[in-house]
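Only one structure is covered here, and it is reproduced in the block below.
The values are calculated or read from the model by the stated rules, or taken from the named source; none is laboratory data. Here the structure is a predicted model, which is why all the values come from computation and not from measurement. A quick note on method: Cβ atoms are made from the backbone with ideal geometry, for glycine too, and the neighbour counts reach across all protein chains shown. What goes into the accessible areas is simple: the full protein's heavy atoms, side chains included, and nothing from ligands, DNA or RNA. Shrake-Rupley method; radii C 1.70, N 1.55, O 1.52, S 1.80 Å.
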2 protein chains.
Amino acid sequence: MVRKRATLKDVAALANVSRATAARALNSYGYVGDETAQKVQAAAEKLGYRGNRLAQALRNGQLPIVGCILGDIQNPFFARIAHDIEVLARECGHNLVIGSSEEELDQEISLLSSLRSLSIRGFIVAPTSATNNAHLQSLNLENVPLVLIDRVAEDVESDHVVVDNEGGARKAVEYLIAMGHRRIGLLQDDMRIFTSRERMTGYRTALAASGIAPDDRLIAVSQSTVEHAVDATIRLFSQKMPPTALFTVDSLMTQGALLAFRSMGISIPHDVSLIGFDDFNLATFTDPQITVVSQPVSEIGRAAARLLFDRLSGKSDPPQKIRFETKLIVRGSVSRHSAG
Amino acid sequence: MVRKRATLKDVAALANVSRATAARALNSYGYVGDETAQKVQAAAEKLGYRGNRLAQALRNGQLPIVGCILGDIQNPFFARIAHDIEVLARECGHNLVIGSSEEELDQEISLLSSLRSLSIRGFIVAPTSATNNAHLQSLNLENVPLVLIDRVAEDVESDHVVVDNEGGARKAVEYLIAMGHRRIGLLQDDMRIFTSRERMTGYRTALAASGIAPDDRLIAVSQSTVEHAVDATIRLFSQKMPPTALFTVDSLMTQGALLAFRSMGISIPHDVSLIGFDDFNLATFTDPQITVVSQPVSEIGRAAARLLFDRLSGKSDPPQKIRFETKLIVRGSVSRHSAG
DNA sequence: AGACAATGTGAGATCGATCTCACACATATT
DNA sequence: AATATGTGTGAGATCGATCTCACATTGTCT
């Protein structure tokens, strides 16, 4: 048998008061007699009344939900962030809607549009594109709080939380150069992505500082999945003059590179040196352990959520721009290359 | 300047028709004159009108959102499932709210209650507890579609999608026994969890079938994170008579075990043999490659979402119970143990 | 011509909760 | 006694979209 949800009207009827009084009693505002309040509470209890958040939201304009659009939940980096945001959202009495853009701008736009029509209170977005952001700007126009995460979008004035991608990449490549490498490969994802650009810039800057001419044949572009990274790595290292070292821009791609090297019989660090951006679980299990640029993953999500909920509670400072440091963690996947 | 969202009323006013007519034109139902329809479309276009889904939902009872409560998004297994569900939900014009119970029953209950007050259309849940499920039963009572995923809940009549946990565990342990092991450790998570129980049963069954007495000292319980698994493994293998082989019940725990072994100087498969439930990215990179029981992760989420959307579109067959096969993938982490 | 459908449109109710306003009654203040 | 203040309550508007119903207007068939 299908039981309908009890509404405020039902509660009011059972308690023999008007809807207005029932609402006052349940939300404790305005004047309500003690006795009346008790009656209403009892009635609500008895009916198992729970307010319809939809109706509440329609009335006062917003749903206690925040939206979060990330590149790919399957990337442990984003999974961690999503998790941290959800925890903080829950603490603040909100639910979290998670959407994945799958690094497609179109999907990001349609997802955002669909979530906006839900009158969601605010958004945390890792924008797919660094440049193409009318949809994000329009959030500003309509005063919907937005926090950018992991990536910055040009022309969008809002809080953001990112890491020092360029510096991290530079440190990694400088280290490779210091170890004697000159043919340094780069395995990166789509250039529209902000982090990809910044890491690429760090890579180029480090090369330039040492007077090493950039070489496009050393750069492979792949989607950020293990499978795609395997293929891209194989292509990169099937050339006549393959790199002697590789820098990968995220942990899934690092793992792809590892698998590719194994399948090609290339040994680390003997045949090739490797540094990955973003640490991962088994980086210290592999033999050798993998040298990485680590970012403070556990702080990013919390920081972004913090910023968003500050906005939601009315803070109107100028946009805050948080940039976390990255750190080169030297382990064993880089060996000295004697110039030949 | 803050622009307000255009409402149907605005569109109607601009097109010089009533709200009712505007609604008809935009949703194409009932009779509308061609010319009028055009006018309305144009007005909507001009104002950038997008319907308020809250209002729509309040009117017709439900929001085009499905909820999904999983154990932990950071587990790649659940991340993959969440991703697949989201993709299918999007195809069906729905958004996905993801919550994480963090394997706490209380959290699962409060999350569910909070999502229900959103008038969400249906749920996909991986219940924390195999037995304690009044909150899930009440979904049945109020006719809210529910699909259980990865885990079954007693006394809850609903579709579910699980894998053959017991069989998978049995195959793994039988294989270890066939390779001469008799002191076989089990690294498992909380016994309230359905999969944990089933895998444990498989483990016990295999032992019993070979006349091996169970020994509680060989069983370690840990939360399903790499860090906790490391600790649990270290405790397990610090005993006087440690196991000669270990079976771990999920991939994060497998990875934890790997890290623990490394830190303890225990080598696989020389000192200890290892089989993990659930495959993972680097299982074929490590040396030796890790033998695992694999489950068809890519099908689970889709299957569950499929079932849910079938229900949402009115299907009312008896509950469907899907159980996928698991497969023992033999790689190199198990070696023959000569009885000592 | 009269009856009857088909087509097109608007007024108003509805979903459920909230909030403003008006009113009633009591007590306090001049 | 007359006015002000404090308390407690209900009627009704509101949020935005949808849907029922009533009312036109046209065309069609006997």
Residue among A:91, A:108, A:86, A:103 that is at pLDDT 90 or above, more than 8 Å from chain B (Cβ to nearest Cβ) and buried (at least 23 other Cβ atoms within 10 Å of the Cβ)
A:108
Got a sec? Which strands (runs of 3 or more DSSP E) wholly within the range A:192-293 have at least 3 residues that are closer than 19 Å to residue A:337 by Cβ?
A:245-248, A:273-277
Determine which member of the set B:95, B:75 is in the same structural domain as residue B:147 (by TED's automatic domain parsing), of a type in the set (S, T, N, Q), more than 24 Å from residue B:249 (Cβ to Cβ) and more than 16 Å from DNA strand C (Cβ to nearest atom).
B:95
Going by the conditions given, is residue A:306 within 30 Å of residue A:86 (Cβ to Cβ), in contact (Cβ under 8 Å) with a residue 60 or more places away in the chain, basic (Lys, Arg) and in a strand (DSSP E or B)?
no
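Matching residues to (1) aliphatic (A, V, I, L, M); (2) in contact with a strand residue (DSSP E or B) (Cβ under 6 Å, 6 or more places away or on another chain); (3) within 10 Å of DNA strand C (Cβ to nearest atom):
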| site | (1), (2), (3) |
| --- | --- |
| B:5 | no, no, no |
| B:12 | yes, no, yes |
| B:34 | no, no, yes |
| B:39 | no, no, yes |
| B:49 | no, no, no |
| B:54 | yes, no, yes |
| B:69 | yes, yes, no |
| B:89 | yes, yes, no |
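Looking only at the range A:129-174, count every residue that is in a loop (DSSP other than H, G, I, E, B) and open to solvent by 60 Å² or more (accessible area, probe 1.4 Å) and tell me the total.
To start, the set of residues in the range A:129-174 that are in a loop (DSSP other than H, G, I, E, B) comprises A:129-133, A:142-145, A:150-158, A:164.
Checking which are open to solvent by 60 Å² or more (accessible area, probe 1.4 Å) leaves us with A:131-132, A:143, A:154-155, A:157.
The qualifying residues number 6.
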Residue check, residue B:115 against (1) more than 14 Å from chain A (Cβ to nearest Cβ); (2) outside any loop (DSSP other than H, G, I, E, B), all met but one. Which one?
(1)
Being of a type in the set (Lys, Arg) and either surrounded by fewer than 18 Cβ atoms within 10 Å (Cβ to Cβ) or more than 27 Å from residue A:307 (Cβ to Cβ) (or both): is that true of residue A:5 here?
yes
Matching residues in the range A:175-212 (surrounded by fewer than 16 Cβ atoms within 10 Å (Cβ to Cβ), of a type in the set (Gly, Ala, Ser) and in contact with a helix residue (DSSP H, G or I) (Cβ under 8 Å, 6 or more places away or on another chain)) number 2
State whether the residues of the range B:68-79 include one that is within 11 Å of chain A (Cβ to nearest Cβ), assigned to a helix (DSSP H, G or I) and without any contact (Cβ under 8 Å) to a residue 40 or more places away in the chain.
yes
Please go through the range A:26-67 and pick out each residue that is within 14 Å of chain B (Cβ to nearest Cβ), within 9 Å of DNA strand D (Cβ to nearest atom) and of a type in the set (D, E, K, R).
A:59
Please identify the pairs in which a residue from the range A:40-58 that is of a type outside the set (A, V, I, L, M, F, W, C) has its Cβ atom under 9 Å from the Cβ atom of a residue that is open to solvent by 60 Å² or more (accessible area, probe 1.4 Å) and within 9 Å of DNA strand D (Cβ to nearest atom), counting only partners at least 6 apart or on another chain.
A:52/B:58
Could you list, in sequence order, the residues of the range B:252-273 that are within 12 Å of another protein chain (Cβ to nearest Cβ) and either open to solvent by less than 10 Å² (accessible area, probe 1.4 Å) or touching a residue at least 24 places away in the same chain (Cβ under 8 Å) (or both)?
B:252, B:253, B:254, B:255, B:256, B:257, B:258, B:259, B:260, B:261, B:263, B:268
Per the filter on the range A:213-234, residues over 23 Å from the mean Cα position of the chain (by Cα) and open to solvent by less than 40 Å² (accessible area, probe 1.4 Å) are A:215, A:218, A:219, A:220, A:230, A:232, A:233
